[in-house]
Amino acid sequence: MKIVTAEAVREKLTIPKCMAIMRDALCQLETGEAQQPLRTVEILPNGEAFGFMPAYLGNTDYFGAKILTAFHANMGTNYPSHMGYVMLFESVHGAFVGMADATVITEVRTGAVSGVATDLLARKDANTLALIGAGAQARSHLRAVCEVRSIKTVYVYDLSEARSKTFIDEMTSEYPQLEFHVAKTAKEAVADADIICTLTPSQAPFLESQWVKPGTHINAVGTFSPTTREVTSELVARSKFYADQVEAMKRECGEYLIPKAEGLIDETHIRGSIGALLLGRIEGRTSDEEVTLFDALGLAVEDVACARYLCVE
Ligand SMILES: NC(=O)c1ccc[n+]([C@@H]2O[C@H](COP(=O)([O-])OP(=O)(O)OC[C@H]3O[C@@H](n4cnc5c(N)ncnc54)[C@H](O)[C@@H]3O)[C@@H](O)[C@H]2O)c1
């Protein structure tokens, strides 16, 4: 049995490698080769979340589950907001193969999936990035977006200006060629952006349509429940809208369910999944004026595919 620690995950699961794993996993989910039953997210008596996310990687005879906590009260403390392990089993005898740290897998795979979506949907000449929320996801999103577009300028907005500054200090040593700016507001952060990543646990939508330039690509990542969202209904309605998994979006995604309940959009507003885009089954961006929006809920197949790579390869 193999145990892959957080340090070992960080060393082996690089963003380019993870993006390749995510492309395969999302295509396999789209074709039905990989499968994932409904995830369970329990809200604990203290209001924090405890999740069980199972998935089966059909073609490789492995299955498993991510078991993790999402404690937003940990923001700004020494504890990460997501902690747990991804457990891996082989499907010939059902034997347990190993487990890998879920904090780092969650950080890296979420950024990697947004990187894949950005590669498919952002304008080729996109060079200005806005990161809203300067936590763990901001790190992986910066790295993933820089893999797929020639980013020159990065605006960072966080409720805590100190966290924006710490993030920029850390990332400047890795990306000395980038011009970083601390934004005072989310509006200021996105004003010039070609790519926007929303990476916060905000309970209320804050990204307004009138702030966003034509031609922008948005990765909306921070919220994943029917009642929470970061993007306003008007901006969702204006956007070409893509899911990580369409079924999950219809069940869990506030960014979709709330404007739908308001009558602003219907089911046809969902263009399809990133897997379908990768397979060429649906259309992506068709003009430099369109706003594209990828909404990430986070999928167990992404986690289990990372665990297979970390425990077996
Ligand atoms: N969709 C997915 O697959 C997925 C995966 C992992 C995490 N998440 C979610 O992404 C979000 C970020 O995760 P993380 O690990 O980076 O968290 P984190 O705790 O490391 O950082 C979150 C940051 O957001 C800031 N913030 C909170 N509300 C804000 C607001 N309204 N405007 C601007 N900044 C704000 C906080 O100050 C903090 O610095 C969380 O909500 C998390 O649950 C989603």
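With the helix formula -39500 (n - 2.57) applied to DSSP H stretches of n ≥ 4, the chain reaches a computed 222 nm mean residue ellipticity of -11000 deg cm²/dmol. Counting only alpha carbon atoms, the long axis of helix 136-148 and the longest principal axis of the chain meet at about 80°. Ordered from largest to smallest accessible area (heavy atoms of protein chains, 1.4 Å probe), the residues 160, 173 come out as 173, 160. Look at the dipole of segment 123-299 built from charges on Cβ: of 190, 162, 151, the Cα furthest out on the positive end belongs to 151.
Against the main long axis of the alpha-carbon atoms of the chain, helix 161-174 sits at an angle near 70°.
Relative to the longest principal axis of the Cα atoms of the chain, the long axis of helix 102-121 lies at roughly 50 degrees.
Explain nothing, just the number: dipole magnitude of the chain about its Cα centre with +1 on each Lys and Arg Cβ and -1 on each Asp and Glu Cβ, in debye rounded to the nearest 20.
140
So the label point goes 7 Å from the Cα of residue 234 along Cα→C-beta, right? Which residues of segment 285-313 then have their backbone N under 17 Å from it? Within reach of a label on residue 234: 291. Basic side chains Lys and Arg get +1 at the Cβ, acidic Asp and Glu get -1 at the Cβ, and with that the dipole of segment 123-299 about its Cα centre reaches some 160 debye. Averaged over residues, the count of other Cβ atoms within 10 Å places the peptides 74-81, 288-295, 195-202, 247-254 in the sequence 195-202, 288-295, 247-254, 74-81, highest first. A straight Cα-to-Cα reach below 19 Å connects residue 124 with the lysines 152, 213, 240, residues fewer than 8 places away in its own chain not being considered.
The HN-Hα couplings worked out from phi for segment 12-20 by the Karplus form 6.51 cos²θ - 1.76 cosθ + 1.60 (θ = phi - 60°) are 8, 8, 6, 4, x, 5, 5, 4, 5 Hz, whole numbers, x standing for Gly and Pro.
Approximating the spin labels as points 7 Å out from Cα along Cα→Cβ, the residue 125-to-residue 279 distance works out to 3.4 nm.
Taken per residue, the accessible surface of the chain reaches 41 Å², heavy atoms only and a 1.4 Å probe.
State the extension gain, in nm to one decimal, for the chain segment bounded by residue 3 and residue 289, taking 0.36 nm per residue of separation less the distance between their alpha-carbons.
Length difference between fully extended and current span is 98.2 nm.
Taking all protein chains as present, what is the carbon and sulfur share of the accessible area of the chain, in % to the nearest whole number, probe 1.4 Å?
53
Computed extension gain for residue 179 through residue 150, at 0.36 nm per residue and net of the alpha carbon distance, reaches 9.2 nm. Say a paramagnetic label sat at a point 7 Å from the Cα of residue 267, along Cα to Cβ; which residues of segment 237-251 have their backbone N under 12 Å from it? Taking a point 7 Å out along Cα→Cβ of residue 267, the residues of segment 237-251 whose backbone N falls under 12 Å are 247, 250-251.
Given R0 = 45 Å, the distance between the Cβ atoms of residue 208 and residue 90 translates into a calculated FRET efficiency of 0.40.
The values are calculated or read from the model by the stated rules, or taken from the named source; none is laboratory data. In this text, all values refer to a predicted model and were calculated from it rather than measured experimentally. Neighbour counts run over all protein chains shown; Cβ positions are idealised from the backbone, glycine included. For accessibility, only protein heavy atoms count, side chains too; no ligands or nucleic acids. Shrake-Rupley method; radii C 1.70, N 1.55, O 1.52, S 1.80 Å.
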